[in-house]
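Colleague: Dropping a structure here in structure tokens format, bear with me for questions.
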Amino acid sequence: MQPGCFPPPVVQMAQFQDVSKQSDLHPKPAGLVLQYGTAGFRTNAKLLDHIMFRMGLLATLRSKKTKATIGVMVTASHNPEEDNGVKLVDPMGEMVTLTWEGYATQLANAEQEDLLAALKDIIEKEAINMSQEADVFIGKDTRSSSASLSKAVLDGVSALGGHNKDYGLVTTPQLHYMVCCQNTQGKYGEATVEGYYKKFCQAFIQLTKNASNCTDDQKHLSVDGANGIGALKLRELESHLKKELHISLFNDGSTGKLNHQCGADFVKVQQNPPTGMKVNSGERCCSFDGDADRIVYYYTDSEGQFHLLDGDKIATLISTFLKELLTQAGLDLEIAVVQTAYANGSSTNYLEDTMKVILRCTKTGVKHLHHAAQEFDIGVYFEANGHGTVLFSKAAEEKVQQLAEDSSGERKRAALLLQNTINVINQTVGDAISDMLLIEAILAIKGMTIQQWDAIYEDLPNRQLKVKVSDRRVIDTADAERRAVSPTGLQEAIDGLVKKYGRARSFVRPSGTEDVVRVYAEADTQESADALAHEVSLAVYRLAGGVGGEPKPSH
């Protein structure tokens, strides 16, 4: 049979009968409409059974189309325990493409009797050869609903004759890693949880050999596991660390509720340590989110004041370290930091003016950052919420390897450090465990305390608010969401308000999920930032169709 030709209709019909039969066991509630966004599908777990079955179908089609293994992760990340969700993972461990996000939405929302037609539509549009083998990797988080929902995904895969490998309980980044390992024929690593621990921990141990006489105190880190999958996996990882890092694990899931008053999102939003964690003054602490793809660091000072080191501070620490190593190695590689409009102005100024690294600003959403980071030899990206990683181009990795083999003295030492740094990073996606190992290694090598890291620059005070509007689509933005192009007059109003305050900046953007407009403001004092945020939210309310009462000042 010619490549790209379809097998005889009989095979297809038999396959579709199976889909039809199985689909009746996973019926769609009539009229329910869900959208596949940056985070995949996410909603109350009770509404997701049909979605999971259909994402099993879609992953199988995607695998046939790409002739590669595809991943399906069952998780709702930092959402409450009663929610769940699902996202697809493409062959190199990246997020699924925009076109296929569209197919996911189309398939999810087809009424029961229209499912086969929707399926055939995708097969025809993509000219999928249905006799092509398909392989799907599946993982799930610790939510009580995840077991039955991941079973529904497996039903979807087998209904279209796909092969599956069920990894059971894994973090989201671990599943991304497995998919990448599988599709690079093991070049990226071994596609097992054990292989994941080995790769990242060995690199970490090699890196920390360059840290001069670290005391046990300096090797100590308190971790808030958000009562989620990250806590479970951190426990398994510990034995591989050979005492190079001493972890005290809190919110490990044994008693607390997932993401409830704990986890990276809670800490970032509340600007407070999580409950269930003993935080001693000056001690280094970090929090994972529910599926361990975000991390933030923090400490409290002797006055009991809380200090947060978010994604901006993490990106600054990592890019500074890499830039120093490139200089020592004498390697001429282009390093860039990718941020969104939410990055604190102080971090932007420090990176541009002091560190002299290239800065790129993109729209909010990990896929935009990841994409922009791929344009450089080395791209460091972190959202302020703590989701991020570092990408190295193939050419950059080869240059580092070449130098490690051919040089001597300081250049060789720097090249070897770079090599191990590359190996401690999960380049497929933001990964709390891998990011934690990288940060800990950098602090150890530089002999830096968390206080010294925090003091690299001082964050400008800022405030984020939400304004309810009748239709969020009236707001349109440009310049990576930093300027509002509609409604008319809104940007002019913001510009006028910003001029009233020192070192001020403000922008507005529509939410991706609900009819609200998000307002961000920063200025030289907290009072000014609060006042500016309030005044801008009033302008949004008046010019962009606010609903309910006028926004009230925050105090």
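Colleague: Normalized C-alpha radius of gyration of region 23-165, against 2.2 N^0.38 Å? Walk me through the intermediate numbers first.
Modeller: Numbers: Rg = 13.6 Å, N = 143, 2.2 N^0.38 = 14.5 Å.
Output field value: 0.94.
Colleague: For residue 286, what charge total do you get from the other residues with a beta carbon under 10 Å from its beta carbon, if Lys and Arg give +1 and Asp and Glu give -1?
Modeller: On the way: positive: 284; negative: 224, 435, 440.
Cβ neighbours under 10 Å give a net charge of -2.
Colleague: Another question about this same structure. Label-point separation (nm) for residue 255 and residue 185, each offset 7 Å from Cα along Cα-to-Cβ?
Modeller: 5.2 nm
Colleague: I'd like the distance separating the alpha-carbon centroids of region 274-347 and region 126-171, in whole Å.
Modeller: When both Cα centres are located, 35 Å separates them.
Colleague: Moving on. Give the accessible surface of the chain per residue, rounded to a whole number of Å², with probe radius 1.4 Å and ligands, DNA and RNA excluded.
Modeller: Numbers: 22620 Å² over 555 residues.
With the other protein chains kept in place, the chain gives 41 Å² per residue.
Colleague: For the pair residue 44 and residue 398, how long in nm is the line joining their label points, each one 7 Å along Cα→Cβ?
Modeller: For residue 44 paired with residue 398, the spin-label model returns 5.5 nm.
Colleague: Residues with amide H under 5 Å of residue 358's amide H, sequence separation 5 or more or different chain, H placed in the peptide plane at 1.01 Å from N; which?
Modeller: Residues meeting the amide H criterion: 335, 337.
Colleague: Could you please report the charge total around residue 190, scoring K, R as +1 and D, E as -1 over all other residues with beta-carbon less than 10 angstrom from its beta-carbon? Spell out each step's value before the answer.
Modeller: Values: positive: 198, 199; negative: 194.
Summing Lys and Arg as +1 and Asp and Glu as -1 gives +1.
Colleague: To the nearest 0.05, what FRET efficiency results for residue 525 and residue 423 with a Förster distance of 41 Å applied to their C-beta separation? Walk me through the numbers before you get to the answer.
Modeller: On the way: r = 44 Å, r/R0 = 1.07.
So, using R0 = 41 Å, E works out to roughly 0.40.
Colleague: Of the options 110, 127, 149, report the single residue whose Cα projects farthest towards the positive end of the charge dipole of region 68-161 (beta-carbon charges: Lys, Arg +1; Asp, Glu -1).
Modeller: 149
Colleague: With each label point set 7 Å from Cα along the Cα-Cβ vector, what nm distance links residue 473 and residue 511?
Modeller: According to this spin-label approximation, the distance is 1.8 nm.
Colleague: Same structure again: Nearest 5 percent is fine: what portion of the DSSP beta bridges confined to the chain is antiparallel?
Modeller: Working: 40 of 69 bridges.
Expressed as a percentage, antiparallel bridges in the chain total about 60.
Colleague: Oh, and also: Assuming R0 = 25 Å, what is the FRET efficiency of residue 248 and residue 209, from their Cβ-Cβ distance, to the nearest 0.05? If you can, show how the numbers build up before the last one.
Modeller: Working: r = 24 Å, r/R0 = 0.95.
The pair residue 248/residue 209 has a calculated efficiency of 0.60.
Colleague: If each residue of separation counts as 0.36 nm, what is the full-extension length gain between residue 455 and residue 492 once their alpha-carbon separation is subtracted?
Modeller: Details: separation 37, 0.36 × 37 = 13.32 nm, distance 3.53 nm.
Length difference between fully extended and current span is 9.8 nm.
Colleague: What order, most packed first, do the peptides 515-528, 91-104 have when packing is the mean number of other Cβ atoms within 10 Å of each residue? Let's see the in-between values first.
Modeller: On the way: 515-528: 19.8, 91-104: 18.1.
Final packing ranking: 515-528, 91-104.
Colleague: Sticking with this structure for a sec: Mind jotting down a quarter of the surface of the convex hull over the alpha carbons of region 96-203, in square nanometres, one decimal? Can you show the working numbers first?
Modeller: Working: hull surface 33.5 nm².
It is 8.4 nm².
Colleague: Share of the chain's accessible area from carbon and sulfur, percent, 1.4 Å? Provide the component values of the computation, followed by the final result.
Modeller: Values: 11210 of 22620 Å².
Here it works out to 50 percent.
Colleague: Next question. Among 398-410, 423-435, 180-192, 278-290, how do they line up by average Cβ neighbours within 10 Å per residue, starting with the highest? List each step's numbers first, then the result.
Modeller: Details: 398-410: 13.9, 423-435: 25.6, 180-192: 17.0, 278-290: 20.9.
Answer by packing, highest mean first, reads 423-435, 278-290, 180-192, 398-410.
Colleague: OK, next. Where does region 388-434 land on the Kirkwood hydrodynamic radius, alpha-carbon pairs, in angstrom?
Modeller: Values: mean 1/r = 0.0887 Å⁻¹.
It works out to 11.3 Å.
Colleague: With a/c under 1.5 counting as rounded, go ahead and sort region 272-426 into rounded, prolate or oblate using the C-alpha gyration tensor (a ≥ b ≥ c being the square roots of the eigenvalues; past the cut-off, prolate if a/b is larger than b/c, else oblate). Each step should come with its number before you reach the end.
Modeller: Working: a/c = 1.98, a/b = 1.57, b/c = 1.27.
Note, shape of region 272-426 comes out prolate.
Colleague: Dividing the convex hull volume of the alpha carbon atoms of region 198-353 by its residue count, what do you get in Å³ per residue? Don't jump to the answer; show the numbers that get you there.
Modeller: Numbers: hull volume 23.3 nm³, N = 156.
Considering the Cα atoms of region 198-353, their hull volume per residue is 149 Å³.
Colleague: May I pose another question? Using θ = phi - 60° and the Karplus relation 6.51 cos²θ - 1.76 cosθ + 1.60, list the HN-Hα couplings for region 526-535 in order, rounded to whole Hz, with x at every Gly or Pro.
Modeller: 5, 4, 5, 4, 5, 5, 5, 4, 5, 5
Colleague: Another question, if that's okay. Need one number for the chain: average projected area of the convex hull over its C-alpha atoms, nm².
Modeller: Directional mean of the projected Cα hull area for the chain stands at 26.8 nm².
Colleague: Per DSSP H run of n ≥ 4, the term is -39500 (n - 2.57); total these for the chain, divide by its residue number, and report the mean residue ellipticity at 222 nm rounded to 500 deg cm²/dmol. Walk me through the intermediate numbers first.
Modeller: Details: 18 runs with 224 residues, N = 555.
Counting only the DSSP helices, I get -12500 deg cm²/dmol.
Colleague: If R0 is 25 Å, what FRET efficiency do you get for residue 355 and residue 303 from their C-beta distance, rounded to 0.05? Can you show the working numbers first?
Modeller: On the way: r = 30 Å, r/R0 = 1.19.
Result of the calculation: an efficiency of 0.25.
Colleague: Of the peptides 460-471, 70-81, how do they stack up when ordered by the mean number of other Cβ atoms within 10 Å, highest first? Numbers along the way, then the final one.
Modeller: Numbers: 460-471: 17.9, 70-81: 26.2.
Order by mean packing, descending: 70-81, 460-471.
Colleague: Another question, if that's okay. Shape of region 496-555 from its Cα gyration tensor (a ≥ b ≥ c, root eigenvalues): rounded if a/c is under 1.5, otherwise prolate when a/b > b/c, or oblate?
Modeller: Values: a/c = 2.02, a/b = 1.68, b/c = 1.21.
Prolate shape, in that a/c is at least 1.5 and a/b is the bigger ratio.
Colleague: Mind jotting down the distance between the C-alpha centroids of region 406-464 and region 465-543, whole Å?
Modeller: Going from one Cα centre to the other spans 34 Å.
The values are calculated or read from the model by the stated rules, or taken from the named source; none is laboratory data. Please read these numbers as outputs of a predicted model, since none were measured by experiment. All Cβ positions, glycine included, derive from the backbone under ideal geometry; neighbour counts span all protein chains shown. Side chains included, ligands, DNA and RNA excluded: accessible areas come from the protein's heavy atoms. Shrake-Rupley method; radii C 1.70, N 1.55, O 1.52, S 1.80 Å.
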